[in-house]
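**Student:** Once you've had a glance at the structure underneath, I'll fire off some questions.
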Amino acid sequence: MVKLHFRLPSLALACGLLLGALPAGAHEHPAATPMARHWQERLTAAKGSAVSVAADEQGRLWSVDMRQGQLWLSRSTDGGKTFAEIGKVNAQPEAILADGQSRPLIAVHGQAVVVSWSQALPKLHTGHVRMARSEDGGLSFAPPVIVNDNREEIGHGFNAMKMDRRGNLAVAWLDGRERSAAARKGGKYAGSSVYYATSGDFGKTWTANAKLADNTCECCRIGLAIGPDGTAVAQWRHLFAGGVRDFATTALKPGAPLQRASEDGWEISACPHHGGDLAIDADGRRHYVWFTGSARKPGLFYRYADGTQFGTALAFGDLDAQAGHPTVFADEKQVAVVWREFDGQRYRLRRMLSSDRGETWSAPATVAEAEGATDLPLFVHGAARPLVAWGTAAGLRIVDLREAP
Amino acid sequence: MRGIARLLAALLLGGLAWAVQAAEDPRPFVVGSLKEIQAQYAGKPLIVAFWSVGCTHCPTELKTLGALKRRHPGLNVVLVAADTPDDAPQTRRLAAQYGLAKAPQWVFADPIPERLRMDIDRRWYGELPRTHFYDAEHRLEAVSGVVPEARLRQWVAANLR
């Protein structure tokens, strides 16, 4: 059983990961500021509180979790009831971010195991996007590489990674290089930017880094999915005019136009640390879920999109029960949405289901509950069934929505 | 000479401020703490500023609050850090840097922040900074994100007489 350690979560912890500049006490040596000390503590955390789980083509489940600066790979052959440790991903320990919106990521197909994570650098809120690959089912890994080709000691992190069964693999992350370049010229740059790289051979070879978008929120995880045509699509919290932090989306290919994915109008001078999620069904319909704190209509929302046509946003979740952190799954006709609520005593996972590609939805129901601190729920990457991975104080839980009440 | 005297005075005051800080660790904020804070300031306007050590947007607002507090010593500001009791030394140091060393300080002391947020405001989903403005009747106005300086000044002008 993979045990998770929860440090008391602090929402704004890494808000500045991509700012690349010290907002307070900038005249001091970075390590001397309380903020920097806090960062150092986080990057030397004994155990991560955020894990990832991926399914291989046989339906076996693979998890990665961080302990003492090393990522540990485990595998389950019983649908997630028990996990057996396979070994370490990175031989040399390093500062790995594994909490909240930053988690190690995994993709598995055949003997290929690809793991990506954010390595924290000593300077406040800086890091590198890392990747390690195994060709023997995780028994051994090649030494980790740095994915971001900009190697400044600035923010590169909050990476997302997805892979399909044909070997299309995509990594997208928040990158501070545009902000850094603007600062060097004495200019200002709002927020961060999204960069990405893709592979067509299960991660053996990669395209060069490419920019997906300018002016994004600095610390919300990116939603990422690969469509039936092998093209990846990303969803992120964007910085629109007037300080509005709503969602945007586009495909990871040159020249793809940025589309606005939500019209919430959430004007906020802060980063909410609340990213969304995205799934693409077998016919290419994109299914989006997200959170907004917009005064007009706060809460969780779902909508689908076909090409440039976006459906109506559907509100879900109990606003008075801290409903948040939604995740979405889609296959041929089925769409499943899961989110987390808190009832005053314990966390509960709530779900709603659609069997007509998001046109109509079941009533929400509780599929799991947990005492103590918990991780954010996420659908198991690459699973053919709607399996939810949820880190709890009692260990990693896999909830199969087709078996849940 | 006057410069030296000022420097000495500043050092002395700084030392005193440090001594006061050292004596008053941030108090653990649990379910019920907000009610306690409100009761303490019953009938008085109050700003409760929720923030955290790692929140990069927070210093802007806290520095403004620090400056306002210097200009209006009667302004009641209470700081609540959404961190952990382990972070208390850092929250104390940062508050001092923002000119808020004397503001009462609290720090989240619950492994489940949702439990505290439900007690504070069910409709707060954790965005920081988060500012609670209470007028003399303690009617609440809650704002997520950095509150612009003009708005803070306006509130002070309207509520502090």
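The numbers here are math on the coordinates, done by the rules we state, and not lab data. What you are looking at is a predicted structure, and each value in this text was computed from that prediction instead of being measured. Backbone-built Cβ (ideal geometry, glycine too); neighbour counts: all protein chains shown.
**Student:** For the range A:295-312, check the following and say yes or no: at least one residue is in contact with a Gly (Cβ under 6 Å, 6 or more places away or on another chain), touching a residue at least 40 places away in the same chain (Cβ under 8 Å) and either among the hydrophobic types (A, V, I, L, M, F, W, C) or closer than 13 Å to A:GLY276 by Cβ (or both).
**Tutor:** yes
**Student:** Sticking with this one: In the set A:ASP375, A:ASP320, A:ASP400, which member is at negative phi and without any contact (Cβ under 8 Å) to a residue 60 or more places away in the chain?
**Tutor:** Going through A:ASP375, A:ASP320, A:ASP400 in turn, just one is at negative phi and without any contact (Cβ under 8 Å) to a residue 60 or more places away in the chain: A:ASP320.
**Student:** Could you check the range A:329-358 and list, in sequence order, the residues that are surrounded by fewer than 20 Cβ atoms within 10 Å (Cβ to Cβ), over 19 Å from A:LEU224 (Cα atoms) and more than 14 Å from chain B (Cβ to nearest Cβ)?
**Tutor:** A:LYS333, A:MET352, A:LEU353, A:SER355, A:ASP356
**Student:** Against the definition (of a type in the set (Ser, Thr, Tyr) and within 20 Å of A:ALA256 (Cα to Cα)), how does A:THR312 come out, yes or no?
**Tutor:** no
**Student:** Sticking with this structure for a sec: Among what's in the range B:83-111 and is over 13 Å from B:VAL53 (Cα atoms) and among the hydrophobic types (A, V, I, L, M, F, W, C), pick the residue that is nearest to the other protein chains (Cβ to nearest Cβ).
**Tutor:** Across the range B:83-111, the extreme among qualifying residues is B:ALA109.
**Student:** To continue, here is another question. Can you tell me which residue among A:PHE291, A:PHE202 is closer than 15 Å to A:VAL171 by Cα and touching a His at 6+ places or on another chain (Cβ under 9 Å)?
**Tutor:** On inspection, the qualifying residue turns out to be A:PHE202.
**Student:** Quick test for you: out of A:TRP390, A:TRP290, A:TRP361, pick the one residue that is in contact with a Pro (Cβ under 9 Å, 6 or more places away or on another chain), more than 30 Å from A:LEU239 (Cβ to Cβ) and not β-branched (Val, Ile, Thr).
**Tutor:** Only one candidate qualifies: A:TRP390.
**Student:** Here's another thing I want to ask about it. Of the residues that sit in the range B:132-161 and are touching a residue at least 40 places away in the same chain (Cβ under 8 Å) and hydrophobic (A, V, I, L, M, F, W, C), which one is farthest from B:THR60 (Cα to Cα)?
**Tutor:** Applying the filter and picking the extreme gives B:ALA136.
**Student:** Kindly indicate whether B:LEU79 is touching a strand residue (DSSP E or B) at 6+ places or on another chain (Cβ under 9 Å), within 7 Å of chain A (Cβ to nearest Cβ) and within 16 Å of B:CYS58 (Cβ to Cβ).
**Tutor:** Criteria not met by B:LEU79.
**Student:** Still on this structure, I have one more. What about A:HIS287, is it within 25 Å of A:ALA197 (Cβ to Cβ) and not hydroxyl-bearing (Ser, Thr, Tyr)?
**Tutor:** When the stated conditions are applied, A:HIS287 passes them.
**Student:** On to the next question. Within 14 Å of another protein chain (Cβ to nearest Cβ), out of contact with any Lys or Arg (no Cβ under 8 Å at 6 or more places or on another chain), of a type in the set (Gly, Ala, Ser) and surrounded by fewer than 20 Cβ atoms within 10 Å (Cβ to Cβ): which single residue out of A:ALA384, A:ALA373, A:ALA363, A:ALA394 fits that description?
**Tutor:** Only one candidate qualifies: A:ALA394.
**Student:** So, one more: For the range B:125-142, enumerate the residues that are crowded, with 19+ Cβ neighbours inside 10 Å, farther than 15 Å from B:TYR41 by Cβ and of a type outside the set (Ser, Thr, Tyr).
**Tutor:** B:GLY126, B:GLU127, B:LEU128, B:PRO129, B:ARG130
**Student:** What are the residues in the range A:37-71 that are more than 14 Å from chain B (Cβ to nearest Cβ) and assigned to a loop (DSSP other than H, G, I, E, B), if any?
**Tutor:** Across the range A:37-71, the qualifying residues are A:GLY48, A:ALA50, A:VAL51, A:ASP56, A:GLU57, A:GLN58, A:GLY59, A:ARG60, A:GLN68, A:GLY69.
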